[in-house]
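A short worksheet on the structure shown next.
The values are calculated or read from the model by the stated rules, or taken from the named source; none is laboratory data. Only a predicted model underlies this, so the values are computations on that prediction, with no experimental measurement involved. Here Cβ is always computed from backbone atoms with ideal geometry, including for glycine, and neighbour counts include all displayed protein chains. All accessible areas refer to the heavy atoms of the entire protein, side chains included, with ligands and DNA or RNA removed. Shrake-Rupley method; radii C 1.70, N 1.55, O 1.52, S 1.80 Å.
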Amino acid sequence: MNLYIFNETRRGAIFGIGTYIRELVIALKDSDIHISIINLMSDKPQIQIDNIDGINYWYFPNPILELRTLDNQKQRELYFKNIVYLLKIHITNEKELIFHINYNQCTSLAIELKKCLIAK
């Protein structure tokens with residue numbers, strides 16, 4: 001089983017949601033579940049993947065300011081669509097996928113994941 005936990009870089013990532021994710025990873029790390037933490041809106045300058053104790057930590061940077069659209073909703077949809085397509089390249093087993101999204105503003109991310117990665 002492959003668990004992808006989505007996290008946005010914001011205050012909650014350090015406190016409430018961040019604590020929840022850390023505790024979830026601790027509880028599951030010795031199981032047969034392959035865990036990847038997908039950090040969105042990261043302050044990293046480029047896409048980065050770190051493997052720490054068998055957990056993959058993905059970092060996707062904010063969109064380049066000069067290339068952003070002025071429509072915030074459209075920008076988020078485009079950002080999430082690109083994240084999903086980049087993940088799809090690296091997901092070799094599209095069976096037994098679980099996507100855990102912690103934010104209510106990620107509807108377009110959920111729709112894109114369903115469209116591209118969840119079996120029809």
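Choose one answer from Leu109, Leu70, Leu78: the residue with the largest mean-square fluctuation in a GNM of the chain with alpha-carbon springs under 10 Å.
Residue with maximal mean-square fluctuation among Leu109, Leu70, Leu78: Leu70.
In the chain, once you exclude exposed GluC sites (Glu not before Pro) (DSSP loop, at most 13 other Cβ within 10 angstrom), what's the longest stretch remaining? Present the calculation step by step, with values, prior to reporting the outcome.
Values: sites that count: Glu94, Glu96.
With a cap of 13 other Cβ atoms within 10 Å, the longest stretch comes to 1-93.
Check the chain and count each lysine pair with an alpha-carbon distance under 15 angstrom, considering only pairs eight or more places apart or from different chains. Walk me through the intermediate numbers first.
Details: Lys81/Lys114; Lys81/Lys115; Lys88/Lys114; Lys88/Lys115; Lys95/Lys114; Lys95/Lys115; Lys95/Lys120.
For the chain, qualifying lysine pairs total 7.
Can you give the accessible area per residue of the chain, in Å², using a 1.4 Å probe? Before the final figure, lay out the partial values.
Working: 7740 Å² over 120 residues.
Accessible area per residue: 64 Å².
If you take every DSSP beta bridge whose two residues both sit in the chain, what share of them, in percent to the nearest 5, is antiparallel? Show your work: numbers first, answer last.
On the way: 5 of 22 bridges.
Expressed as a percentage, antiparallel bridges in the chain total about 25.
Using only the Cα atoms of region 27-120, each taken as one equal point scatterer with no solvent, compute I(q) by the Debye sum, divide by I(0), and report log10 of the ratio at q = 0.16 Å⁻¹.
For region 27-120, the Cα-only Debye profile gives -0.74.
Relative contact order for the chain: what percent, with Cα pairs under 8 Å and sequence separation of 6 or more? The partial results should precede the final answer.
On the way: 153 pairs, mean separation 35.2, N = 120.
Once normalised by length, the contact order is 29 percent.
If you fit an axis through the alpha-carbon atoms of helix 107-117 and take the longest principal axis of the Cα set of the chain, what angle between them do you get, 0 to 90°, nearest 10?
In the chain, helix 107-117 runs at an angle near 60 degrees to the longest axis.
Which one, Gln73, Ile37, Ile101, is farthest towards the positive end of the dipole of the chain when Lys and Arg carry +1 and Asp and Glu -1 on their Cβ?
Checked the options; the winner is Gln73.
Compute, for the chain, the length of the dipole vector about the Cα centre, with Cβ point charges of +1 (Lys, Arg) and -1 (Asp, Glu) only. Units Debye, rounded to 20. If you can, show how the numbers build up before the last one.
Details: 14 positive and 13 negative charges, 81 e Å.
Computed charge dipole of the chain: roughly 400 debye.
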